[in-house]
Amino acid sequence: MENNVIIDLKNISVSFDGERIIENLNLYIRDGEFITFLGPSGCGKTTTLRVIGGFLEPDGGDVIFEGKKMNGVPPHKRQVNTIFQRYALFPNMNVYENIAFGLKVKKLPKAEIEKKVKEMLALVNLKGFEARMPESLSGGQQQRVVIARALAVDPKVLLLDEPLGALDLKLRKDMQVELKKIQKSLGITFIYVTHDQEEALSMSDTIVVMDAGKIQQIGSPTDIYNEPKNAFVADFIGESNIVDGVMCRDKVVSFSGHTFACLDGGFAENEAVDVVVRPEDVDVVSVEKGMLTGTVTNVTFKGVHYEIIVDIGGFLWMIQSTDIRQVGDVIGLQIEPDAIHIMKKSEYSGMFGDFSSFSEEFDELSDVNAGVEVEDDA
Amino acid sequence: MRKSVAPGGSRANLIPYSGWMTLFVLIPIGLVVYYAFTGVNGFTLSNIGWIWTYRKTLWLSVELALIATVLCLLLAYPIAYGMSRASAKVQRNATLFIMLPMWMNFLVRTYAWMTILEDTGLINSALRAIFGEDFSGLRLINNHGAIVLGMVYNFLPYMILPIYTALTKISYSLVEASRDLGANGAQIFGRIILPMSVPGIISGITMVFIPSISTFIISKILGGGKDFLIGDLIEDYFLGNSGVVNYNIGAALSLVIMVLILVATFFMNHFDKDAKTSGGGSLV
């Protein structure tokens, strides 16, 4: 373990009404990093955040903050501040009073408060908004005030619980950039919770992928994307073709009736594995040149590329190509060794089928639901 | 604020409302004003002057109504606060129990207090059972305390409910946020909860003070008719209980009370101008 660890979670368990929300979670967080808990609603990410913030006592395990055990220490005695899912701005105070709140309860001298508030307003690009009431601000501005208010009390760690969930897409992207900028300029640790994989990939130094109260994988965004540990991670982050395969020997894998060269090893001979191939890593070639051949069943124009669903021996693959193909075309597919990622079989194997049930609309709907359900994600 | 007629609607929809208001609010108030400023010889201001004669009665009414309002506030706030923090089931039941006495007639409830408080009433009988027949008993009725008790008992729900409504509107996330920023219990209450419940407090004060200052039944039943309140006085002038019927003086006294309440309410709502979130809804 590195010596600049700021938070260490050891064997954390949390249950509600006999239901395990978090099971034996171990995690350390380095000082100054932007770490994201990513997972579907109900995966335990918000619960983990609440344990760190001190809003929730774990049933088992220790929360260690700079080497000191923090169990039982109330939220305001930890050097942690939280940005809540919904804007919890005080409606009876203006922007200045909201940001000054934490400083006023600490009874700091007035001049110092004023200086700090000015500084914070500049940081979040809200100069001149001092006298505005929260209700007169847009959603994005309100969230900036919330951020300024939390940062005004100089926390060592800022916890952010889906802070951009209520913003529209464009604003959300702007705020992502801004949050990252603020985090870098202050150099403090941000712990971010989201179910939006794109948000996690674009902002984080480290991503913690969670499901069913357990950490599925910890790694940098590129690690998580390129080297998913199991079918859940592969499916949750980006689009993936996950097929059953057999490891013939090191660096040789067989799936979909063809034997491929790959880069992975360390499996038993003829071990059954899950094979992940990202849609953008598949090359469309002529039938003769193809390692696999299949029939195009669906084509969707996505702007940068076409999303093509191909039936290969009854399994529907998704591939992304800049060349247009027509439904009914028989095409050949080529997969380079570095495009193939091998995973050990896990409890998630076989849970994510092919793209036969895939529809854009359904995907978006489930996204919306995830946004609504976060409340249950206690 | 003036609002234009909703699209698709027409002013015809307002007829029932305007009809009701004209018939039962505007015309009666017009009559009150008319009687207040007229006498046998036409226009006069002398009716209004009677308030000076009855200044002690007026002052007693204000005093008792204020005491009752303050007591209601002190009792209601902790009750409302406890309710707002309780589980949904407890909140429902508590609201029901607060409303329950209101299902009975106001007069009956007040008479019930009489049978409890009077010299041969429930409390004194119980005390005699304990201390023997020689016990002289407590003077619980026919005094200012009994009148205030009657006001507090009858009007307490009107204080609890608006405060409770205002408190339930305060999102718990605000409490969490202020605690997160380092505020302790007293600071959270003083800076967040109390200021945000002001609209409810103002509604409650208005809804308790107005019926308290104008009551004539409570003082009659629990005050023993010894302590005349301004409401009793007005009733007397209209019904002639003390042998004199004078609509003009009665109307003038009513008008004074109305103006007094109007000024008080206006003043109260001024307090409310910062708190934009209205709690139980204000009356003026």
Per-selection Rg to Rh, the protein assembly as shown - Cα, Kirkwood hydrodynamic radius: 1.16
Antiparallel bridge percentage (DSSP; both residues within the protein assembly as shown; nearest 5): 80
So what's Rg/Rh here for region B:5-54, counting alpha carbon atoms and using the Kirkwood radius for Rh? 1.32
Region A:175-296, Kirkwood Rh and Cα Rg, ratio Rg/Rh at 1.07
For region B:167-236, evaluate the Debye formula with one uniform point scatterer on each Cα (no solvent term) and list log10 I(q)/I(0) at q = 0.15, 0.25 Å⁻¹, rounded to two decimals. -0.62, -1.02
Taking N as the residue count of region B:126-179, its alpha carbon Rg divided by 2.2 N^0.38 Å gives 2.12
Gyration tensor over alpha-carbon atoms, region A:5-226, equivalent ellipsoid semi-axes in Å: 29, 20, 16
What is the P(r) of region A:239-350, as percent of Cα-Cα pairs per 5 Å bin from 0? 2, 12, 23, 24, 18, 12, 7, 3, 0
Across A:69/A:115; A:118/A:181; A:77/A:110, pairs whose alpha-carbon gap is larger than 30 Å: A:69/A:115
Which translational diffusion coefficient, to the nearest whole µm²/s, is obtained for region A:81-144 from the Stokes-Einstein equation, given a Kirkwood hydrodynamic radius over C-alpha pairs, 10 °C and 1.306 mPa s? 131
Would you tell me the mean number of C-beta atoms belonging to other protein chains that fall within 10 Å of each C-beta in A:86-97, as a whole number? 5
Quick check: the distance between the Cα centres of region A:47-77 and region B:220-244, to the nearest angstrom? 67
In a solvent-free Debye calculation with one equal scatterer on each Cα, what is log10 I(q)/I(0) for region A:100-230 at q = 0.16, 0.21 Å⁻¹, listed in the order of the q values? -0.87, -1.29
Farthest positive-ward along the protein assembly as shown dipole, Cα basis, beta-carbon charges - from B:122, B:258, A:292: B:258
Rounded to the nearest whole number, the per residue volume of the convex hull around the C-alpha atoms of chain B in Å³ is 207
Report D for region A:136-185 in µm² per second (integer): Stokes-Einstein, Kirkwood Rh on Cα pairs, 10 °C, 1.306 mPa s. 138
Using the Cα centre of region B:18-271 as the reference point, and only Cβ charges (+1 on K/R, -1 on D/E), how large is the resulting charge dipole? Debye, rounded to the nearest 20. 600
Name the residue from A:16, A:148, B:217 whose Cα lies farthest towards the positive end of the charge dipole of the protein assembly as shown, charges +1 on Cβ of Lys and Arg and -1 on Cβ of Asp and Glu. B:217
Counting each DSSP H run of 4 or more residues in the protein assembly as shown as -39500 (n - 2.57), what helix-only mean residue ellipticity at 222 nm follows after dividing by all residues, to the nearest 500 deg cm²/dmol? -13500 deg cm²/dmol
What is the pair-distance distribution P(r) of region B:41-114, computed from all Cα-Cα distances in 5 Å bins starting at 0, with each bin given as a whole percent? 3, 11, 10, 13, 16, 12, 10, 8, 6, 5, 3, 1, 0, 0
Note, region A:91-102: 3J(HN,Hα) by Karplus (6.51, -1.76, 1.60, θ = phi - 60°), whole Hz, Gly/Pro = x, goes x, 8, 10, 7, 4, 4, 5, 4, 5, 7, 3, x
Ignore the peptide's own chain and count Cβ atoms of other chains within 10 Å of each Cβ in A:102-113; give me the average, rounded. 2
Distant-in-sequence amide H partners of residue A:28 (H built 1.01 Å from N, under 5 Å): A:9
Extent along principal axes [Cα atoms of region B:42-85; Å; largest to smallest]: 59, 21, 6
If N is the residue count of region A:14-55, its Cα Rg over 2.2 N^0.38 Å rounds to 1.24
Orientation-averaged projected area, Cα convex hull of region A:155-230 (nm²): 5.6
Using square roots of five times the C-alpha gyration tensor eigenvalues, list the equivalent-ellipsoid semi-axes of chain A in whole Å, biggest first. 44, 24, 17
To the nearest 20 Debye, how big is the dipole of the protein assembly as shown about its Cα centre, given +1 on the beta carbon of each Lys and Arg and -1 on that of each Asp and Glu? 4140
The percentage of Cα-Cα pairs in region B:57-210 separated by more than 26 Å is 42
Listed residue (A:279, A:266, A:164) projecting farthest to the positive dipole end of chain A, Cβ model: A:164
According to a simple spin-label model (label point 7 Å from Cα along Cα-to-Cβ), what is the distance in nm between residue A:250 and residue B:184? 6.5
Relative counts (whole %) of C-alpha pair distances in region A:37-161, using bins that are 10 Å wide: 13, 39, 31, 16, 2
Through the Karplus equation 6.51 cos²θ - 1.76 cosθ + 1.60, θ set to phi - 60°, convert the phi angles of region A:176-184 into ³J(HN,Hα) values in whole Hz; use x for Gly and Pro. 4, 4, 5, 4, 4, 5, 4, 4, 5
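Every number in this text was worked out from the coordinates using simple rules, so none of it is lab data. This one's a predicted model, so the numbers in the text were calculated from it and none came from an experiment. Cβ: placed from backbone, ideal geometry, glycine included. Neighbour counts: every protein chain shown.
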